[in-house]
Amino acid sequence: MAEFHFVQDYERLVADLLAQYPVDEAMSRAVGGDYEAVGVVERAVVAHAGLRNGQRLIDLGCGSGRLAWALGQAMQIDYLGIDIVQALLDYAASKTPPGYRFVLNRTLAIPAEDGWADMVCAFSVFTHLLHAESYLYMQDIFRALRPGGRLVFSFLEFAAPAHWLVFDGTVAAQRNSNVPHLNQFIERNAIDLWAERLGFVRERFIDGTDAPWGNAPALWQSLAILRKP
Ligand SMILES: C[S@@+](CC[C@H](N)C(=O)[O-])C[C@H]1O[C@@H](n2cnc3c(N)ncnc32)[C@H](O)[C@@H]1O
């Protein structure tokens, strides 16, 4: 079976970074950099979205554990991280409490029982998938969430002036046939339509420039918070 584009892209990205940088630097760059600072912001986002001690979180596309590291410093939760690159998962496990679980998963499905999760988050993951791939994940996330559970994910959109940096960079790379991985924008009306068709209620969008959690800076990417009724 042919491998997904994201497996090839991220395997190559991680291997190239490990060849160029010391491991901590490579593992930070592989997920976008600023490992601890961004982890703290992502933790503020999931807490703002309702994650509480004792709950079950699935961190889809957990990478090298930016969020997991920050959660391990401050919360007691049942954590399951999922990613497509084993080296990232191994690093994440080395930075987090022993009870945290990390699973290699190269399907577009969630390896959890129906209704298991109180929350699923995906930070900068749907930004690298085709819309149909994100939609398949969202369909299965709906299954894996308990009623009342939430999906929190970040996205890039043309309406956010800052996000044009990514698009302009992608256009330049495309000109040289040198795009390291897919950068996919998602518009809010698409998210609303997907949510409605899948049975989610869209609770709110948060601009990438806003930080309604108060105790940490803004994320930069936009955020969607969806609830399973
Ligand atoms: C930009 S990084 C963000 C990592 C992490 N969420 C964070 O914020 O630190 C994107 C991550 O998504 C993972 N990824 C890409 N495609 C994926 C897929 N189809 N399923 C799960 N993870 C995926 C990559 O391996 C990478 O770790």
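Laboratory data are not the source of any read-out in this text; all were calculated from the coordinates shown. Keep in mind it's a predicted model, so treat the numbers as computed, not measured. Positions of Cβ are backbone-derived with ideal geometry, glycine not excepted, and every protein chain shown enters the neighbour counts.
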task = Just give me the residues in the stretch 98-155 being farther than 22 Å from I206 by Cα, surrounded by 19 or more Cβ atoms within 10 Å (Cβ to Cβ) and in contact with a Leu (Cβ under 6 Å, 6 or more places away or on another chain), in sequence order.
result = F102, A117
Residues of the stretch 114-147 satisfying the condition of being within 10 Å of the ligand (Cβ to nearest atom) and touching a Lys or Arg at 6+ places or on another chain (Cβ under 9 Å) = C121, F123
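Listed here are the residues, each with its yes/no results for (1) of a type outside the set (F, W, Y); (2) surrounded by fewer than 16 Cβ atoms within 10 Å (Cβ to Cβ).
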{"residue": "F4", "(1), (2)": "no, no"}
{"residue": "V7", "(1), (2)": "yes, yes"}
{"residue": "D16", "(1), (2)": "yes, yes"}
{"residue": "D24", "(1), (2)": "yes, yes"}
{"residue": "V31", "(1), (2)": "yes, no"}
{"residue": "Y35", "(1), (2)": "no, no"}
{"residue": "L51", "(1), (2)": "yes, no"}
{"residue": "Q55", "(1), (2)": "yes, no"}
{"residue": "G63", "(1), (2)": "yes, no"}
remark   = For helices (runs of 4 or more DSSP H) lying entirely in the stretch 129-218, having 3 or more residues that are within 18 Å of the chain's Cα centre (by Cα) picks out 131-144, 188-198
